[in-house]
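> One structure, pasted below without further comment.
No value in this document is a laboratory result; all are computed from the given coordinates. In this text the structure is predicted, and so the values were computed from the model without any measurement. Heads up, the Cβs are rebuilt from the backbone with ideal geometry, glycines too, and the neighbour counts pull from every protein chain shown.
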Amino acid sequence: MSLFKKIFSFFSKPSKSKNQVIKTDLGTLPNLIEKSFILKKDALEKEVAKKITQIKYSHSKTNFLIEKLSETPLEKKTNVRLNHAVQTSKKQLLIQLKRMLEKINPNEVKHDLNSYREYSKKSEALLVNEITSFRKNIAYTSFYHQEEMKELGDFLQNILNDLHEMNQKFDYNKEIFEFEKFKENIGSALKRRKELKHIQKEIKTLEEKIVNKKEGLEEHKEKIEAKKKEPKYLEITHAEEELTKLANEKQDLKLQISALLLNIDHPLQRYKQLVETGRKKIVKEEKEIIDLFITNPLLALKKDPKAELFKKVLKDVKESVQEGEIDLKEKEKEKRLEAIEEIIKYDFFGTVFWKMNELQKKQIELNKSISTNPIKKEIEEENNELGEEKRELKEMEKKLEDFEKQKQNTQKIISDEIESAKNFAQNSLKQTIILEEEIS
């Protein structure tokens, strides 16, 4: 019957095994595959423990043979140079072997699979490399200690074989170590999810604070604009406009005096030279007033409102020009004398000092009215608060930006860790896995 069944079902379609789908959550995922890995891990631990025991025995025996070899004297041959070369090689080899055995000492390895895995990988490579580098010393020593070196080589070969077999088992059972990484990824992802919730909460709180802060800023701006429409603020605006006009008028007066003095600058500077060289004798106050009128005529008029002292000096300047003490060309001489006479007749008190004094009085009154006006202080306080609010808003926005970056980075890490864990689980179970987090 089975023969007929096979013949008649030859062209029938093979049945397809359904790929099962497992729906679970991230925290439960390790439990689905842990049982099989625990069994594999227990079996591997037993095999590794057996190999480590064998390595420990071989390692101990090798150390014993090295000590025995060090105490065994050379049977000297007739070739003296060879005897010396072998003795030197033997000493070097014993030192090299002892150091190598210290590096691969199994008694200093932690009792867990990860430590044994690292130990076996490093020790096998080290043993091969170092024994190869000792070849010359091994050859010389074996020439005199054939039996001892053969026994030593057998035990070193046993260690190498056991290490190699351990590495093969670790490679064959690498999914056990991947399972540990798989559990670490899930643990890390679950931990980061809590961190992510905290970050999202902070972001929400900050966004609410930023909205409130912006509303507060608008309120301050509205208050400032409202105060600027009050009559008291208009008084300040008017006073500031008046101050600008007064400052312009003062500047005009200054330019007016400077223009007058510019016309007599040449003879005045020459007169100053005569005084400095001692050819002209004047009192200290007269010398100071010359310097002051040259550098700051308005300040000079505060000390000498009618410019009486200055005019006295100018009369002497005029005489010096007329008498030739100040040498000028005829055309310039006539021009400068006219300019000096104009300044001597000029009403500094009425034209400059009194006007300047009146302007300063008005400035003082206007500045006082501005400083005593309460609206100015109120607006300044509002502006200060507005500046502080802007500074706080900027700090909040920077903090929000940092949290957003932290959120994106955390989400990326979680996504990568979950994807890695999910792929491992699907490969292990040979089934499709849908996480509840993906459904929601």
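> Based on Cβ point charges of +1 for Lys and Arg and -1 for Asp and Glu, what charge dipole magnitude is obtained for the chain about its Cα centre, in debye rounded to the nearest 20?
2580
> I would also like to ask the following. How do the peptides 115-127, 26-38 rank, highest first, by the average count of neighbouring beta carbon atoms within 10 Å per residue?
115-127, 26-38
> Counting residues in the range 28-172 as N, plug N into 2.2 N^0.38 Å and put the Cα Rg over that result.
Working it through for the range 28-172, the quotient is 1.34.
> Of the options 406, 289, 24, report the single residue whose Cα projects farthest towards the positive end of the charge dipole of the chain (beta-carbon charges: Lys, Arg +1; Asp, Glu -1).
Of 406, 289, 24, it is 24.
> Multiply the residue gap between residue 198 and residue 227 by 0.36 nm, knock off their C-alpha separation, and tell me the result in nm, one decimal place.
Value of the extension gain: 6.1 nm.
> Averaging sequence separations of C-alpha pairs under 8 Å and six or more residues apart, then dividing by the length of the chain, give the relative contact order as a whole percent.
Once normalised by length, the contact order is 28 percent.
> Testing the spin-label approximation: label points 7 Å from Cα along Cα→Cβ at residue 23 and residue 171. State their distance in nm.
Label-label distance for residue 23 and residue 171, simple model: 4.4 nm.
> Please state the charge dipole magnitude for the range 39-153, taken about the Cα centre, from unit charges on C-beta atoms (+1 on K and R, -1 on D and E), reported in debye and rounded to the nearest 20.
With only Lys, Arg, Asp and Glu charged at Cβ, the dipole is about 260 debye.
> Tell me which residues come under 5 Å, amide H to amide H, from residue 22 once H is placed; ignore anything under 5 positions away on its chain.
Counting only residues 5 or more places away or on other chains, the set is 432, 433, 434.
> Here's something else I'd like to know. Rounded if a/c is under 1.5, else prolate if a/b is larger than b/c, else oblate: which is the chain, with a ≥ b ≥ c the root eigenvalues of its Cα gyration tensor?
Verdict is oblate for the chain.
> Need the list of aspartates and glutamates near residue 98 for cross-linking: C-alpha distance under 20 angstrom, and skip anything on the same chain fewer than eight residues off.
Of all the aspartates and glutamates, those that pass the test against residue 98 - Cα under 20 Å, at least 8 places apart if same chain - are 67, 71, 108, 124, 130, 147, 148, 151, 154, 162.
> What is the projected area of the convex hull of the Cα atoms of the range 231-369, averaged over all directions, in nm²?
9.1
> Here's something else I'd like to know. So what's the gap between the Cα centers of the range 162-202 and the range 266-340, to the nearest angstrom?
98
> Could you derive backbone 3J(HN,Hα) for the range 264-280 from the dihedral phi with the Karplus parameters 6.51, -1.76 and 1.60 (θ = phi - 60°), listing whole Hz in sequence and x where the residue is Gly or Pro?
10, 4, 4, x, 5, 5, 5, 5, 4, 5, 4, 5, 5, 8, x, 7, 10
> So what are the ³J(HN,Hα) numbers for the range 196-213, from phi and the Karplus equation (6.51, -1.76, 1.60; θ = phi - 60°), rounded to whole Hz, Gly and Pro as x?
So the J values, rounded to whole Hz, are 5, 4, 5, 4, 5, 5, 5, 4, 4, 4, 5, 4, 5, 5, 5, 4, 4, 5.
> Each residue of the range 246-255 in turn: what ³J(HN,Hα) in whole Hz from Karplus with 6.51, -1.76, 1.60 and θ = phi - 60°, glycine and Pro shown as x?
Per residue, the Karplus-derived 3J(HN,Hα) values read 4, 4, 5, 5, 5, 5, 4, 4, 4, 5 Hz.
> Rank 373, 324, 339 by how far each Cα sits towards the positive end of the charge dipole of the range 280-388 (+1 on Lys, Arg Cβ; -1 on Asp, Glu Cβ) and give me just the farthest.
My answer, from the dipole projection, is 324.
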